[in-house]
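The values are calculated or read from the model by the stated rules, or taken from the named source; none is laboratory data. All of these numbers come straight from a predicted model, not from anything done at the bench. Ideal geometry is used to build each Cβ from the backbone, glycine not excepted, and the neighbour counts take in all protein chains shown. Surface areas here come from the heavy atoms of the whole protein model, side chains and all, with no ligands, DNA or RNA. Shrake-Rupley method; radii C 1.70, N 1.55, O 1.52, S 1.80 Å.
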Amino acid sequence: MDSKPTSPAGNTNESRDPARLRSHRWFGPDDLRSFGHRSRLKGAGFDDADFQGKPVIGILNTWSDLNTCHSHFPQRADEVRRGILQAGGFPVEVPVLSLGEMLMKPTTMLYRNLLAMEVEEVLRCHPIDAAVLMGGCDKTVPALLMGSISADIPSIFLPAGPMLKARWKDQTLGSGSDVWKYWDERLAGNLCDADWKGIENCIARSAGTCMTMGTASTMACITEAMGFSLSGAACTPSVLSQHSRLATQTGRRAVDMAWEDLRPSKFMTAGSIDNGVITSLSIGGSTNAIVHLIAIAGRLGIDLTMDRFDQLSDRTPVLGDIRPGGRYLMEDFYDAGGLPALLNRMTDLLDTDALTVSGVTLGQLISGAEVIDDEVIRPRDNPVSPVGGTCVLRGNLAPSGCVIKSIAADKRLLKHRGPALVFDNYPAMKAAINDPDLDVSADSVLILRNAGPLGAPGFPEWGMLPIPQKLLRQGVRDMVRISDARMSGTSYGTCVLHIAPESAASGPLALVQTGDMIAIDVEARTIHWEVDDDEAERRRSAWVAPDVTPPRGYGRLYAKHVTQADQGCDFDFLVGRSPDAEPSIH
Ligand code: FES
């Protein structure tokens, strides 16, 4: 399946006056500063013919040897460059912070806003007329979008693409999801060393992002639905020849976007954001998308609330039967027609008039996109679920809300009442969870606190608390787990996440004690801590707030300015757009 680049709109010769380009302010004038700019480019080996009168296209590359999901980016950057040259642009590659999910500690989420800030400033301070944003691994996607929206410079996203499906013995494996599954089997004593090593050797089959509907693929699909990448981009596997062609097409399109001055403010609207939310729900997407979408909308000045997710969830069916909520993997989704085909089954729910980076509407892009396999992309009359796969709960334990990926939970547990087993922090949980004497049963509600944006810090993916080993050996594979943490998009289970306010910000989660009764009812959208008001007040008076502000550096900036989960965890001073297109030139 080839995605075809769409012809740009309104791209006439008259509109190609170099004086209209932003970079002209660096290279065009006959003055001392411009002389310096031109002469130094010549010192780097470029001639007038390379750059004069041409749009400068920044290739913002999140490549690093320590980001295994982006290991093919050096080749893709060359292919983007080829497209830019073909279309008459001047390509400049600019490395930006790489957020590789697997190797960064404590969590890449701590650094999402740092990358967003870097992208905004890199775009603002350089002679860049348009940008190709190369990302994929989870947090790189929202960070690149947040930064380019705030800078408001024409930008197009190129996703890394999902890995190929992994094969082990006669099993098809999905990264992340199957790691958790087989780790539980290993703890239960059902998997030998050789089999465990065999899985380690094959589960990451190629370059690219996790091949389940984890956060990376969820964000890539959302980005495409919001109009920020070429149609068909999100599902194209990382190592296919089509992915190379996609890179070149993206480069070509970036040049046209520069001439058209097609900025995020011109194509991103409240309708685009709703399209992103609906898409996330329809594919059974990652809970992390909620936090990222709120932050992205905030950069546009749009107040996206948790309630909006719930409203849209009520009317959005899950059509993508993709793990961890379903049966298939991203490669199957691509072969089944990919995101355009899925969206074409939901045109009545989408804002099809929303403009895209292709210069045409979303409706025009997906019109005619065909589903090849009804098992992977379900028909409307046979959905995976008639309503969205993620629900927002509220109650006295989460006054500002929390989320659960109901589609990836044990349906028996979606209404549950049980005694709390509280862990004060992650190390305490890790030390105790496999203790054979742990006082826990399958009905217990495992609670982890001090794991949120401030408390952890950084809002790590600790929310899929492990099932205690003694219960695994009894055959238990899911329990109700509650935390102020996130969980990986590849995770699953009855995990209530993003409790807001978090415990470190004096949320009620800080006051729960082991043995307190907790009730969740996903259908009723409630979470309730059974405690009388006097007792809660007594505990609050005795509670001492933890000191969560590091003494220096980025961590200190983060702790002073990060917002809570229901507000997107952006920095309070970064919400909205930059008032200036660029620093003044002297
Ligand atoms: Fe990079 Fe999953 S670890 S996308």
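Things to note:
- The range 482-494, residues that are touching a Leu at 6+ places or on another chain (Cβ under 6 Å) and either over 30 Å from T549 (Cα atoms) or surrounded by fewer than 24 Cβ atoms within 10 Å (Cβ to Cβ) (or both): T494
- Pairing residues of the range 96-111 that are within 19 Å of S71 (Cα to Cα) with residues that are open to solvent by 20 Å² or more (accessible area, probe 1.4 Å) and of a type in the set (D, E), at Cβ distances under 6 Å and at least 6 apart in sequence or on separate chains, gives V96/E118; L97/E118; T108/E101.
- Cβ pairs under 6 Å, 6+ apart, first in the range 172-190 and at pLDDT below 90, second open to solvent by less than 50 Å² (accessible area, probe 1.4 Å) and more than 16 Å from the ligand (Cβ to nearest atom): D184/L472; L187/Q469; L187/L472; A188/L472
- In the set (1) closer than 24 Å to T563 by Cα; (2) open to solvent by less than 30 Å² (accessible area, probe 1.4 Å), the condition left unmet by T305 is number (2).
- Hey, A130 open to solvent by 20 Å² or more (accessible area, probe 1.4 Å) and on the phi < 0 side of the Ramachandran plot or not: no
- Scanning the range 91-117 for residues that are more than 22 Å from I290 (Cβ to Cβ), of a type in the set (D, E) and open to solvent by less than 60 Å² (accessible area, probe 1.4 Å) gives no hits.
- Leading residue by the ranking (farthest from L438 (Cα to Cα)) among those in the range 497-529 that are open to solvent by 40 Å² or more (accessible area, probe 1.4 Å) and among the β-branched types (V, I, T): T526
- Residue in the range 348-362 that is out of contact with any Ser or Thr (no Cβ under 9 Å at 6 or more places or on another chain) and open to solvent by 10 Å² or more (accessible area, probe 1.4 Å) present: yes
- No other residue among V255, V239 is among the β-branched types (V, I, T), touching a helix residue (DSSP H, G or I) at 6+ places or on another chain (Cβ under 8 Å) and in contact (Cβ under 8 Å) with a residue 60 or more places away in the chain apart from V255.
- Within the range 195-236, considering residues that are out of contact with any helix residue (DSSP H, G or I) (no Cβ under 7 Å at 6 or more places or on another chain) and away from the ligand (no atom under 14 Å from the Cβ), the one nearest to L349 (Cα to Cα): C202
- Within the range 160-176, the only residue that satisfies the criterion of being within 14 Å of the ligand (Cβ to nearest atom), open to solvent by 10 Å² or more (accessible area, probe 1.4 Å) and at positive phi is G176.
For (1) touching a strand residue (DSSP E or B) at 6+ places or on another chain (Cβ under 6 Å); (2) more than 14 Å from the ligand (Cβ to nearest atom); (3) assigned to a loop (DSSP other than H, G, I, E, B), each residue gets a yes or a no:
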{"position": "A77", "(1), (2), (3)": "yes, yes, no"}
{"position": "V80", "(1), (2), (3)": "yes, yes, no"}
{"position": "S98", "(1), (2), (3)": "no, no, yes"}
{"position": "P106", "(1), (2), (3)": "no, yes, yes"}
{"position": "M117", "(1), (2), (3)": "no, yes, no"}
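- Pair list, Cβ under 6 Å, 6 or more apart: the range 135-155 residue within 14 Å of the ligand (Cβ to nearest atom), other residue at pLDDT below 95 and open to solvent by 10 Å² or more (accessible area, probe 1.4 Å): C137/E101; D138/E101
- A289 vs. criteria closer than 30 Å to A524 by Cβ and buried (at least 24 other Cβ atoms within 10 Å of the Cβ): yes
- S64 being within 15 Å of the ligand (Cβ to nearest atom), surrounded by 13 or more Cβ atoms within 10 Å (Cβ to Cβ), among the polar types (S, T, N, Q) and not in a strand (DSSP E or B): yes
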